[in-house]
Amino acid sequence: MAITAVLFDLDDTLFDHSACTRAALADLRVRFAILGRAPAALVEAEHRSLLEALHLRVLAGQLTVDDARNERFRRLLAFAGGTPDAASPIDVAAAYRAA
């Protein structure tokens, strides 16, 4: 069977990635107190910035998707004032994916 059409969702039209991200981050702010201390808008903005920066490293072959995700949440926890023992970035990344 020949492919006759391909759809690309570049702006949250078919899949509302932005809403899913906000919901997952809201869940994290409840589950992990350190993230709940920072205003939601700041957590969302920092998350977006980290995602974009680390995704470039994934595209360059410098990080795997999983390593980039763990690093994103390590940096997000640090941004929120977390200490290394406040929450595991791996646990936060897993909770984000589950949410």
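The values are calculated or read from the model by the stated rules, or taken from the named source; none is laboratory data. Here the structure is a predicted model, which means the values were calculated and not measured. Reconstructed Cβ throughout: ideal geometry from the backbone, glycine too, with neighbour counts over all protein chains shown. Heavy atoms of the whole protein, side chains included, go into the accessibility calculation; ligands, DNA and RNA do not. Shrake-Rupley method; radii C 1.70, N 1.55, O 1.52, S 1.80 Å.
Quick look at the values:
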item	result
Qualifying residues in segment 45-65 (those that are hydrophobic (A, V, I, L, M, F, W, C) and in a loop (DSSP other than H, G, I, E, B)) - the one least open to solvent (accessible area, probe 1.4 Å)	63
Members of segment 19-44 that are small (Gly, Ala, Ser), in contact with a Lys or Arg (Cβ under 9 Å, 6 or more places away or on another chain) and either part of a loop (DSSP other than H, G, I, E, B) or free of Cβ contacts under 8 Å to residues at least 12 places away in the same chain (or both)	36, 38
From the options 73, 32, residue that is open to solvent by less than 30 Å² (accessible area, probe 1.4 Å), modelled with pLDDT of 90 or more, aromatic (Phe, Trp, Tyr) and under 18 Å from residue 98 (Cα atoms)	73
